[in-house]
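So the structure is just underneath, and the comments pick up after that.
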Amino acid sequence: QVRVVESGGGLVQPGGSLRLSCAASGIISSINTMGWYRQAPGKEREFVADITSSGYTNYAESLKGRFTISRENAKVYLQMNTLKPEDTAVYYCNALMYGSKHYWGQGTQVTVSS
């Protein structure tokens, strides 16, 4: 079992920055990829970025250049810059295990508004 907990969400003005954190606990040696997804009101959950245990990163095309994912063992971070109102969403951390089982956090709210 793995427990995933996000933190760092909040209210930020357009153009501002925010850094999300996610910590996994439990059988962390079995974690392959960790990533971030988001879900805006009335929309489906969408992929943001992920990073493998080897450090390879992958981003949603529309977010490249503004968002940066990084990882330290079982902790993953999402640095979000030049935030826009359309970035408002609940951001979820995901841990993908070797063997393809997923674990999700409870989500953290990011609101971009003046």
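The values are calculated or read from the model by the stated rules, or taken from the named source; none is laboratory data. Predicted model, so just to flag it, every value in this text is computed and none were measured. Cβ atoms come from the backbone with ideal geometry, glycine included; neighbour counts cover every protein chain shown. Calculation scope for accessible area: heavy atoms of the full protein, side chains included, ligands and nucleic acids excluded. Shrake-Rupley method; radii C 1.70, N 1.55, O 1.52, S 1.80 Å.
Length available on full extension from LYS101 to GLU86: 0.36 nm per residue minus the Cα-Cα distance, which gives 2.4 nm.
Along region 89-96 the Karplus relation, 6.51 cos²θ - 1.76 cosθ + 1.60 evaluated at θ = phi - 60°, assigns HN-Hα couplings of 4, 8, 9, 10, 9, 10, 10, 9 Hz to successive residues, with x for each Gly and Pro. Summing Lys and Arg as +1 and Asp and Glu as -1 over all other residues whose Cβ lies under 13 Å from the Cβ of THR82 gives a net charge of +1. Distance between the pseudo-spin-label points of GLN13 and ILE28 (7 Å out from Cα toward the beta carbon): 3.6 nm. Within the accessible area of the chain, what % is carbon and sulfur when the probe is 1.4 Å and the other protein chains stay in place? Carbon-and-sulfur percentage of accessible area, whole number: 47. Under the simplified labelling scheme, the SER114-SER62 pair shows an inter-label distance of 2.2 nm, with each label point 7 Å from Cα along Cα→Cβ. Which of rounded, prolate, oblate describes the chain, given a ≥ b ≥ c as roots of the alpha-carbon gyration tensor eigenvalues and a/c under 1.5 marking rounded, otherwise prolate only if a/b is larger than b/c? Prolate. Quick check on region 44-94: take the gyration tensor over C-alpha atoms, sort the square-rooted eigenvalues as a ≥ b ≥ c, and tell me if it's rounded (a/c under 1.5), prolate or oblate. It is prolate, given that a/c is not under 1.5 and a/b is the larger ratio. Here the 3J(HN,Hα) profile of region 10-26, calculated from phi with Karplus coefficients 6.51, -1.76 and 1.60 at θ = phi - 60°, is x, 9, 9, 7, x, x, x, 10, 8, 10, 9, 10, 9, 10, 9, 9, x Hz, Gly and Pro shown as x. Given a Förster distance of 25 Å, report the FRET efficiency between GLU46 and ARG3 from their Cβ-Cβ distance, rounded to the nearest 0.05. For R0 = 25 Å, the calculated efficiency reads 0.60.
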